[in-house]
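Let me begin by presenting the structure, written as structure tokens, before commenting on it.
The numbers here are math on the coordinates, done by the rules we state, and not lab data. Because the structure is a prediction, the values reported are computed rather than measured. Note that we place each Cβ from the backbone using ideal geometry, even for glycine, and neighbour counts take in every protein chain shown.
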Amino acid sequence: MSCRLLISTTSRIVSLSRSGLLSSARLLFDQLPERDTVAWNAMLAAYSGAGHPSHTISLFSAMRTSSSPPDAFSLTSVIAAAADLHDLRTGEMLHSLSLRSGLCASVPVSNCLVDMYGKCSFPSNAKKVFEEIKERNEVSWCSFLHGLVISGLLDEACDVFCNMPMRNLIAWNIMIMGFACSNSPEKSGSLFKDMLKLGFKGDVLTFVSLVNSYAELSDPCFGQMIHALIIQDGWIDAVEVSNSVLSFYARFGHYFDALRIFDSMNTRTHVSWNAMIDVHLRHGDVKGAVGLFWEAPEINIVSWTTMIAGFAQNALGKEALLYFVNMLRNLQIPDDITFGAVLLACATLTVLRNGLMVHGCLVCHGFESFVYVANGLVNMYAKCGDIKSSCKVFDEIIAKDLVSWNAVIFGLAVHGWAQKALKVFEDMISDRVQPDKLTFLGLLMACCHSGLVEQGMGFLSSMNSVHQISPDADHVTCVIDMLGRAGRLREAAILLDYFSDSVKDKHAGYWESLLCASIIHQDVNLAMAIGEQFMNLEPQMETSYVFCCQIYTASVGTGRKQRILGGQWLIGQ
């Protein structure tokens with residue numbers, strides 16, 4: 001075959017692959033009677049660029065048996081393929097080949113090796129290769145930085161970032177993305193401000209990372225400011241950015257804001273449709289969500305899971321189970337998030353046989369070892385009345401997280417197994433798991449239902465003094481209920497008076513709990529005082545008038561004449 005014909009055919013292979021005609025390019029490549037290294041590289045680059053890493057590695061293996069030796073360009077394509085597959089074994093073999101052939105001295109090859117080790121979560125090897133590069137360029141630094149970030153080594157990444165001779169937008173984006181993925185929106189925002197001060201402007205990756213990061217905050221104002229900046233800089237038409245903003249508003253339940261974004265999108269992907277379905281479900285518009293679900297051009301596993309989770313959160317457990325069955329009939333394979341949503345639906349229905357069937361299904365699919373699914377099982381069995389199975393599943397969880405501990409403590413508390421709940425808490429502290437507000441609410445519920453007043457008061461005290469957790473309305477209401485049930489009304493009244501001033505949330509539940517206890521224990525004077533406060537807090541609440549009538553009935557026996565008129569106490573002489 002003439003050299004000129006080989007060159008022209010190789011050019012056609014490159015042209016066809018760039019036009020997306022990969023099959024035609026491969027057919028032309030296979031028809032070549034002779035192939036040189038450039039021809040092999042053209043096909044390797046075609047597969048690599050089209051996102052077919054397995055084909056790239058397979059073709060490279062065929063090249064190794066040919067008479068055409070691989071060069072640096074060949075290695076960059078195939079090492080990148082191994083990185084995309086997170087195939088460490090193949091990557092190490094290619095590293096060994098580059099050392100034997102002397103191609104590791106090529107900066108592009110070394111850069112690809114750094115990237116490969118980073119993506120395969122082997123940052124120590126990435127560091128070794130990086131340090132051996134004599135003439136590092138921006139790709140070298142960014143590849144190493146990215147490897148550290150995706151390995152979760154943010155402190156080391158910060159050191160590398162600070163030592164970079166020149167920081168480009170890619171480096172800034174890697175750091176912003178790293179802090180965004182590690183639930184550190186404040187640090188992401190701070191980096192973004194520093195970036196702007198140095199004259200950089202954000203791109204798609206910058207804004208997607210920031211919006212996703214701010215979606216984890218309790219206040220939407222920061223995300224809304226980024227949305228305004230996105231519009232100002234003209235990035236709102238980028239579908240990835242629009243999807244992130246849409247998902248952000250879905251997360252906060254801002255129905256009309258999300259609807260405006262969705263209606264203004266020129267291009268919608270399955271992410272757009274799923275986010276909009278989620279918005280409707282969070283807004284309680286189940287009918288609208290169902291309509292969008294069946295209207296969507298593509299229904300994938302995320303779509304089904306969103307519907308199942310939405311039904312469960314709207315207390316429509318039967319509908320959630322029906323969609324789960326339909327999903328299986330449509331040959332969609334559930335994932336761990338799907339099973340978590342289905343288990344929540346079973347928990348809301350409190351029908352054990354449904355939970356047992358789902359448990360059997362997730363075992364068949366191999367998800368019983370997933371912590372998220374196991375936590376759902378603990379909660380489901382507890383809600384369905386089978387606390388022994390709940391504890392059994394909990395004991396089998398190897399890597400328990402905070403949700404695991406909280407789920408079993410709540411389950412034990414509701415079932416009256418207070419001592420067991422306290423023992424679980426001791427084990428939790430021994431495992432050095434930091435409790436949160438939900439942990440203490442479960443403990444206080446356990447003490448309340450079992451009359452363990454002293455232990456309950458100890459937990460309330462230790463929240464702030466030991467764990468630096470401020471009690472909120474639910475904690476205080478639970479403690480007041482606990483003291484009220486024990487007849488320690490005056491202590492409850494003092495506690496109520498203290499927390500009604502110190503806790504920001506002026507919760508009517510404080511007063512209602514103590515009022516109930518006062519009526520039960522026939523402390524009419526305290527009940528009258530509490531009743532007045534309760535009616536001032538909730539003048540439109542029917543319960544307050546019912547309580548007042550009960551107080552009136554109780555007061556008749558004391559010889560005092562009282563009546564209620566228009567929500568005001570009129571005490572007769």
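Which net charge results for the neighbourhood of residue 140, defined as the other residues with beta-carbon distances under 11 angstrom from its beta-carbon, given Lys and Arg at +1 and Asp and Glu at -1?
-3
I want to check the label-to-label distance for residue 328 and residue 3. Put each point 7 Å from Cα in the C-beta direction and report it in nm to one decimal.
6.7
Sort 398, 13, 150 by Cβ crowding within 10 Å, fewest neighbours at the top. Please list the in-between numbers first.
Values: 398 7, 13 24, 150 18.
The fewest-first ordering by Cβ neighbours comes to 398, 150, 13.
Residues of the stretch 370-407 with the amide nitrogen closer than 13 Å to a label point 7 Å from the Cα of residue 427, along Cα-to-Cβ, please.
Residues passing the 13 Å test: 388-401, 404-407.
Relative contact order for the chain: what is it in percent, counting Cα pairs under 8 Å that are at least 6 residues apart?
Normalised by residue count, the contact order of the chain is 4 percent.
Go ahead and estimate [θ] at 222 nm for the chain from helices alone: -39,500 (n - 2.57) per DSSP H run with n ≥ 4, summed, over the residue count, rounded to 500.
Rounded to the nearest 500, it is -23000 deg cm²/dmol.
Note down the net charge around residue 369, summing +1 for each Lys or Arg and -1 for each Asp or Glu among other residues with Cβ under 15 Å from its Cβ. Don't skip to the end; give the middle numbers.
Details: positive: 392, 400; negative: 335, 336, 368, 395, 396, 401.
With Lys, Arg at +1 and Asp, Glu at -1, the neighbours total -4.
Fewest first, what order do 491, 131 take by the number of other Cβ atoms within 10 Å?
Fewest to most other Cβ atoms nearby, the residues stand as 131, 491.
Identify all lysines with a Cα-Cα distance to residue 197 below 25 Å; exclude those on the same chain that are fewer than 8 residues away in sequence.
187
What FRET efficiency, computed as 1/(1 + (r/R0)^6) with R0 = 45 Å and r the Cβ-Cβ distance, is obtained for residue 468 and residue 260, rounded to the nearest 0.05?
Once rounded, the FRET efficiency stands at 0.65.
May I ask for the distance between the Cα centers of the stretch 206-266 and the stretch 411-437, given as a whole number of Å?
39
Would you mind computing, in nm to one decimal, how far apart the modelled labels at residue 27 and residue 298 are, each placed 7 Å from Cα along Cα→Cβ?
2.6
Got a sec? Which residues in the stretch 244-262 would a label at residue 237 touch, if it sits 7 Å along Cα→Cβ and we count backbone N under 17 Å?
261-262
Can you give the Kirkwood hydrodynamic radius of the chain from its Cα pairs, in Å with one decimal?
After inverting the pairwise mean of 1/r, the radius is 29.0 Å.
Within the set 392/420; 400/423; 388/420; 392/423; 127/201; 119/201, which residue pairs have Cα atoms separated by over 21 Å?
127/201; 119/201
Less than 10 Å Cβ to Cβ from residue 43, Lys/Arg counted +1 and Asp/Glu -1: what total charge do the surrounding residues give?
Details: positive: 26, 35; negative: 30.
Around residue 43, the surrounding residues sum to +1.
Below 8 Å, C-alpha to C-alpha, sequence gap of six or more: please give me the relative contact order for the stretch 190-256 in percent.
Rounded, it is 35 percent for the stretch 190-256.
Would you kindly state how much longer the chain becomes between residue 363 and residue 399 on full extension, computed as 0.36 nm times their sequence separation minus their alpha carbon distance, in nm to one decimal? Intermediate results must be reported in sequence, preceding the final value.
On the way: separation 36, 0.36 × 36 = 12.96 nm, distance 1.79 nm.
Taking 0.36 nm per residue and subtracting the Cα distance, the gain is 11.2 nm.
Can you sort 364, 104 from fewest to most other Cβ atoms within 10 Å of each residue's own Cβ?
Numbers: 364 9, 104 20.
In order of increasing Cβ crowding within 10 Å: 364, 104.
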